[in-house]
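Input: a single structure, listed below in structure tokens.
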Number of protein chains: 2
Amino acid sequence: MALSGLVKAFVFDVFGTVVDWRSGVARDAAPFLARHGISGVEPLEFADAWRRRYGPAMEEVRSGRRTFVRLDVLHRENLLAVLADYGIDPSRIPAEELDELNRAWHRLDPWPDSLSGLTRLKARHIIAPLSNGNIILMLDMAKRAGIPWDAILGAEVVQAYKPMPEAYLRTADVLGLQPEQMCLVAAHNSDLAAARQCGYKTAFVARPTEHGPGQTTDLTAEADWDVVTRDFNDLADKVGA
Amino acid sequence: MALSGLVKAFVFDVFGTVVDWRSGVARDAAPFLARHGISGVEPLEFADAWRRRYGPAMEEVRSGRRTFVRLDVLHRENLLAVLADYGIDPSRIPAEELDELNRAWHRLDPWPDSLSGLTRLKARHIIAPLSNGNIILMLDMAKRAGIPWDAILGAEVVQAYKPMPEAYLRTADVLGLQPEQMCLVAAHNSDLAAARQCGYKTAFVARPTEHGPGQTTDLTAEADWDVVTRDFNDLADKVGA
């Protein structure tokens, strides 16, 4: 695979691609829900409901209706909204507890192959997140899990949320690289399509249980991405890292 | 030293504090000068002359007379100017060679104690550069030398050059920390003074040969900084890392 010689930097979608957000958020939501006697919702369902507000919240920023704010802020607002959806008045819960639960997103575990694949890719390439997560979120996550990023890039550095072209183009510019020297690694076909539109190389990694056992989306590559892989070790094999 | 419990992040000046810019730039300038028959200047003198243009170039941005541009751009412009100062017409030199010499700043070696001290501090704290160097400059330097930063912060992320207060305050904000939870580590009294003015804790590290054997500035701490140290291992000892 000639990609390895051409591509100087592999940049990664993170939520779902590098880490398992659904299990991690549910794990931290469980004691919170129990403590507050919230019995009408399973922790995994709570994680899904919280996550469903992610796209629409960012769309407010992408559309220009709202100036850029970091994802921690959107996650915190979405937490209040999802609690209200389940009939819980968030003003009855101490702010510190809500802050602590909001940091569940900083404590997500990598998929089993993530660290070994990233470590191999790092030997001869720049590796960095190109996530909509903000800097301290990505930093806390990496420090806890041992993810060996060369730098924390992404939405907060370039002040633009994916899939806006600016998110991809400015990230290449920060690294002093042409878009074709960048490869986005993602488990989401739509993210890869937006990156390719900007001139990036693309690598699909299947994460068939990101949304749980009944997942129906992104089970397979839906276009001829430059590399199609089972996991990060398979990616490292296929690019010769 | 109570600093270790209070401070969550140690952020570092880099040029002079973490790495020896003068020897590194001279090392890469030497073959360039020889190749072009430039005999009227010693490599170390060339490094000093190039560095002297650093402050004034940033001052154009700090003053608002120029919009923010990353340091690689200023270094490149300063290279043309310093060559002209020595009577060399830079337009006679291929752009690729100038680009390559400009990347000498990406290839600087850490002082002997830097990596061991940083590794110790990293175990219980966030460590990151708070340098005026741009992201790819800091990333290339770290990858080459093995500097284990948790993230690349600094001027490009916050779009402000030290010692502007924004450089310190926005960096704390990116980490979700109060200024008093930040400690700047620097070999330069003026940098520490600006950080303290913003509420940061301060650690002085003596680098008595940054400017060569005849150095006359920053030989000692010129205020009661929170920690005053000989090197990064001494710093790790003194903060209990």
Just from the alpha-carbon atoms, what are the Rg and Dmax of the protein assembly as shown in angstroms?
23.8, 81
Please compute the net charge surrounding residue B:6, taking Lys and Arg as +1 and Asp and Glu as -1 over other residues with Cβ under 10 Å from its Cβ.
0
With 5 Å bins from zero, work out the P(r) of the stretch B:21-106 over every alpha carbon pair and list the percent per bin.
3, 14, 27, 27, 16, 9, 4, 1
Taking the Cα centre of the stretch A:67-208 as the origin, how large is its charge dipole in debye, to the nearest 20, when only Lys and Arg (+1) and Asp and Glu (-1) carry charge on their Cβ atoms?
620
Please state, to two decimals, what the Cα-based radius of gyration of the stretch B:89-169 comes to when divided by 2.2 N^0.38 Å (N = residues).
1.30
Within 10 Å of each residue's Cβ, count the other Cβ atoms and sort A:216, A:202 from fewest upward.
A:216, A:202
Leaving out same-chain residues fewer than 8 places away, which lysines sit with a Cα under 24 Å from that of residue A:238?
A:8, A:122, A:201, B:143
For chain A, projected area of the alpha-carbon convex hull averaged over all directions, nm²:
12.5
Give me the dipole magnitude in Debye, nearest 20, for the stretch A:183-241 about the Cα centre, with unit charges on the beta carbon: positive for Lys and Arg, negative for Asp and Glu.
100
Residue-averaged 222 nm ellipticity for chain B, from DSSP H runs of 4+ at -39500 (n - 2.57), nearest 500:
-13000 deg cm²/dmol
Student exercise, the protein assembly as shown dipole from Lys, Arg, Asp, Glu Cβ charges, in Debye to nearest 20
40
Relative contact order of chain B (C-alpha contacts under 8 Å, at least 6 apart) in percent is 26
Counting other chain Cβ atoms within 10 Å of each Cβ in A:147-153 and taking the mean gives 6
Projected onto the charge dipole of chain A (+1 at Lys/Arg Cβ, -1 at Asp/Glu Cβ, origin at the Cα centre), which of A:83, A:236, A:61 gives the Cα projection farthest towards the positive end?
A:236
Taking beta carbons within 10 Å but only from partner chains, what does the mean come to for residues A:27-36?
0
For the ranges B:32-38, A:110-116, what's the packing order if you count other beta-carbon atoms within 10 Å of each residue, average per peptide, and put the highest first?
A:110-116, B:32-38
For the stretch B:37-130, with the dipole built from +1 on Lys and Arg beta-carbon atoms and -1 on Asp and Glu ones, taken about the Cα centre, which of B:73, B:127, B:46 lies farthest toward the positive end?
B:127
Shielding of B:122-129 by other chains, given as the mean Cβ count within 10 Å, works out to 1
Using modelled amide H (1.01 Å from N, peptide plane; none on Pro or chain starts), what sits under 5 Å from the amide H of residue B:19, excluding residues fewer than 5 places away?
B:111
For residue A:12, which sequence-distant residues (separation of 5 or more, or a different chain) have an amide H within less than 5 Å of its own amide H, given hydrogens modelled in the peptide plane?
A:128, A:130, A:185
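Values in this text are rule-based calculations from the coordinates and carry no lab data. As the structure is a computational prediction, the values presented were derived from the model and not from experiment. Using ideal geometry, Cβ is built from the backbone for each residue, glycine included, and neighbour counts are taken over all protein chains shown.
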